[in-house]
Each structure stands twice: as structure tokens, then as C-alpha cells.
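No value in this document is a laboratory result; all are computed from the given coordinates. Just so it is clear, the model here is predicted, and its values are computed rather than measured. Heads up, the Cβs are rebuilt from the backbone with ideal geometry, glycines too, and the neighbour counts pull from every protein chain shown.
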Amino acid sequence: MSGVLAVLLGISIGIALVGLVQWRHSRRARHRRDQIEDALKHLSEEEYRGRRASLSSLGGALRMSSTNVVALVGRMQRQRLLATEGQGFRLTPEGERLALQVVRAHRLLERYLVDEARLPLRDVHAVAERKEHSLSPADADRLSAALGHPTHDPHGDPIPTREGAVEPAAGTPATSWPSDTIGRIVHLEDEPEISFAQILAAGLHVGQLVKVVQSTRECVVLSDGEREYRLAPAVAANVFIAAAAVRTWPDPVVRLSDLRDNAPAEVVGLDEACQGFSRRRLMDLGFTDGARIRPFLKTFAGDPRAYEVRGTLIALRRDQAAHILVRPVTDQPAAEPGS
């Protein structure tokens with residue numbers, strides 16, 4: 001009997017060892033695939049910005065030693081995903097196709113994390129970096145549909161379509177934007193993290209109208225007509241500005257979240273950071289251009305807050321109301337509903 005038990009135990013150990021070996025092989029294969037996808041994304045983003053990726057830039061982006069980067073590049077060349085070009089690399093058509101799938105997954109995830117998961121903007125990039133590898137093209141299509149097919153991520157980057165089409169890069173770094181010319185922030189670069197954190201701490205956001213009032217080697221000063229934002233040039237270079245429709249400051253416009261209690265206002269629009277399903281939902285609730293609105297009730301904690309719009313009370317969280325731009329009006333407050 002003891003001999004039979006020994007045989008069974010040996011078989012069990014053998015099966016466990018086989019399973020462990022298979023798991024380790026599978027894990028190693030996933031890790032290598034993720035590395036390739038990260039490299040493809042870096043190459044794609046460098047080409048998109050008109051730059052050429054190199055061994056050095058790959059090593060920095062992927063946090064890999066030069067030896068490991070060389071090995072990675074070799075694997076990608078054997079798979080015909082990239083080709084050498086001078087001192088740098090370029091994507092092959094197949095490499096570009098796969099790269100845009102990863103970029104699409106990443107930017108859709110960022111959109112979801114901001115709009116639906118309500119994750120702070122400073123955290124979404126790192127989370128999307130981890131999740132993008134598990135999102136198949138079919139999953140990305142379903143997520144896009146659920147979000148209302150957004151066109152840009154929360155940083156202002158265009159989201160590639162399922163066919164691989166992507167809008168050209170827009171905007172000029174604030175360090176190169178002409179002084180005293182009003183423009184609209186269209187993109188906030190999220191790397192390096194320390195620069196992005198300073199941009200967010202300053203309070204700048206995609207869709208904001210600004211102009212450069214001072215630009216020196218030590219400091220770049222932006223203004224939105226009411227506040228000034230002082231940034232180091234290296235940080236300001238990550239704020240991209242494009243031409244705006246207006247040539248002068250518009251009438252005072254505030255975010256609905258900052259509107260005083262019971263103060264009437266008129267909806268001017270939704271900021272460009274609000275996209276897809278979230279944008280459509282606010283418009284369906286009546287927050288469209290020209291709609292009259294006023295804060296009506298708020299909880300003890302102040303969030304959420306109720307607003308009267310088109311004869312209906314709507315409760316919004318502060319981060320939702322911050323996407324709605326309004327112009328205060330001088331009308332007397334309307335009577336409370338039901339009075």
C-alpha cells in the first residue's frame with residue numbers, strides 16, 4: 001500500500017511541477033509581449049510628435065538597461081515590427097498597426113477612468129499603463145461604444161479609431177506661443193510625472209483659454225483673464241496651445257461648480273475635457289447652450305449639489321459641475337419650485 005501511495009504522490013508532484021513550469025513560461029511570454037507593446041507605443045508616440053525613437057529613449061521610457069533594450073529591439077526586428085533608420089528606429093506597417101491598437105486601448109481606458117471611475121487625472125496614466133495590455137481590440141470597441149465614442153483622452157490626445165486613423169498633433173508649446181495672443185489649451189503632456197503634477201497643481205486644464213503674458217528663461221506666466229499661472233519653462237513646454245475662435249476675453253465665464261448659491265446663470269457650453277457618454281448625459285439633462293440655471297440646494301457637505309435647469313432639479317457632483325461653463329446673469333432668482 002505504501003508503494004502505491006508513493007507512486008501517487010510522485011505523480012501528483014510531477015503534475016504540479018509541470019503546471020508550475022507552464023505557468024512560468026506563460027508569465028514570461030506575457031511579460032515579453034507587454035514589453036513589446038510598451039515599446040511599440042513609445043515608438044508610435046515619438047513618431048506622432050515628429051521625433052525619432054532611439055535605444056536611449058526606449059531605455060528611458062521602459063526603464064530598461066541598454067543590454068535588455070538591445071535584446072528587445074532584436075526580437076522586434078525579427079518579428080518585423082520595427083526597422084533601423086540612421087541612429088533611430090521606425091515602425092513597419094505591421095508595427096504601426098499594433099502600436100495604434102495599444103494607444104487606442106490606453107486612451108480609452110484613461111477616458112473611462114476619468115469619466116466613469118472618477119479617478120483623479122494625476123492617477124489615470126499609471127493605471128491605464130497596467131490595464132492596456134489586457135484590453136483586446138474587440139474590448140476596446142465595446143468600451144468606446146459604452147463611452148459614446150469619445151474622440152480625445154483627458155489630456156487632449158486624439159483617440160485612434162478602430163481603423164487606425166488618428167488626428168494629427170495639435171498645439172504649440174506654451175514656451176513658443178506668441179505673447180498676448182489668446183489661445184486654447186488643447187493638450188497637457190503627462191510625462192514626466194513631476195511636470196504633469198505641477199501643471200495640475202497650478203489648475204490648468206484642457207479647453208481653457210489662456211495667453212502668455214511673460215516668457216523668460218526662468219519663468220513662463222500664463223493668464224486666463226482672471227488668474228495668472230507661473231511655470232518653469234520645462235513645465236510650460238508640456239502645455240500645448242492652439243488658436244482659439246475668440247480674439248478678446250469673452251464675458252466672465254465660470255464653472256458651474258464655482259457659481260454662488262442661488263445665483264442665476266446661463267450655460268455657455270461644456271468644456272473640451274468632457275467627452276463621449278458623460279458629455280451626452282449632461283446635454284440630455286438639459287445643460288445645453290443658453291439654458292438658464294441656478295444652484296438650488298446642497299448637502300451639508302456641499303457635494304453633491306442640486307441645480308434648477310429647465311424647470312427640473314438635477315443633482316450633480318462637484319467634478320461633474322466643473323465641466324459646465326456658465327455666464328452669470330443679473331436676473332432676479334426665480335421662485336423656488338413648488339412655491
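A few comments on the model shown:
- Stretching ALA243 away from ARG51 to a fully extended chain increases their span by 66.8 nm, per 0.36 nm per residue minus the current alpha-carbon distance.
- Per residue, the convex hull around the alpha carbon atoms of segment 254-328 comes to 74 Å³.
- Residue among THR67, THR151, THR84 with the largest mean-square fluctuation in a Gaussian network model of the chain, springs linking Cα atoms under 10 Å: THR67
- Eigen-decomposition of the gyration tensor built on the alpha-carbon atoms of segment 127-201 gives equivalent ellipsoid semi-axes of 28, 17, 10 angstrom, largest listed first.
- Least to most buried among ILE199, ILE182 (fewest other Cβ within 10 Å first): ILE182, ILE199
- Additional length obtainable on full extension of the chain from GLU226 to GLU167, 0.36 nm per residue less Cα span: 18.0 nm
- For segment 207-290, the set of GluC sites (Glu not before Pro) satisfying both a DSSP loop assignment and a count of at most 13 other C-beta atoms within 10 Å is given as GLU218, GLU226.
- Shown in residue order for segment 144-161 are the 3J(HN,Hα) couplings computed by the Karplus curve 6.51 cos²θ - 1.76 cosθ + 1.60 at θ = phi - 60°: 4, 4, 5, 8, x, 6, x, 9, 9, 7, x, 8, x, 6, x, 8, x, 6 Hz (x for Gly and Pro).
- Of ALA237, GLY203, SER215, farthest towards positive along the dipole that unit charges on Lys, Arg, Asp, Glu beta carbons give segment 190-241: SER215
- Two-site label geometry, SER66 and ARG142: point separation in nm, points 7 Å out along Cα→Cβ: 4.6
- Evaluated over segment 172-243, the Cα radius of gyration and Dmax, each in Å: 10.5, 29
- Once the chain from ALA197 to THR92 is taken as fully extended at 0.36 nm per residue, the excess over their C-alpha distance is 34.4 nm.
- Separation in nanometres of the label points that stand 7 Å from Cα toward Cβ, at ARG33 and GLN79: 0.9
- Segment 72-110-segment 270-301 distance, computed between alpha-carbon centres (Å): 40
- Environment charge at SER223 (Cβ cut-off 14 Å; Lys +1, Arg +1, Asp -1, Glu -1): 0
- Normalised by 2.2 N^0.38 Å, where N counts its residues, the alpha-carbon radius of gyration of the chain equals 1.26.
- Evaluated with a Cβ-only charge set (Lys, Arg +1; Asp, Glu -1), segment 172-243 carries a dipole of roughly 200 debye about its Cα centre, given to the nearest 20.
- Zone residues, segment 215-233, relative to ARG327, backbone N less than 18 Å from point 7 Å out along Cα-to-Cβ: 225-226
- Most mobile listed residue (ILE36, ILE314, ILE185) in the chain, GNM with C-alpha springs under 10 Å: ILE314
- When ILE324, ILE194 are sorted by how many other C-beta atoms sit within 10 angstrom of their C-beta, beginning with the fewest, the order is ILE194, ILE324.
- Here segment 186-226 is treated as an ellipsoid with the same Cα gyration tensor; its semi-axes, largest first and in whole Å, are 18, 14, 9.
- Net dipole in debye of the chain [+1 Lys, Arg Cβ; -1 Asp, Glu Cβ; about Cα centre; nearest 20]: 1040
- Cut-off under 5 Å, modelled amide H: who pairs with THR172 long-range: ILE241, ALA242
- Cut-off under 5 Å, modelled amide H: who pairs with VAL309 long-range: ILE314
- Working from label points 7 Å from Cα in the Cα-to-Cβ sense, the GLU129 to CYS219 distance is 3.2 nm.
- Computed per residue of the chain from DSSP H runs no shorter than four, each worth -39500 (n - 2.57), the mean residue ellipticity at 222 nm is -13000 deg cm²/dmol.
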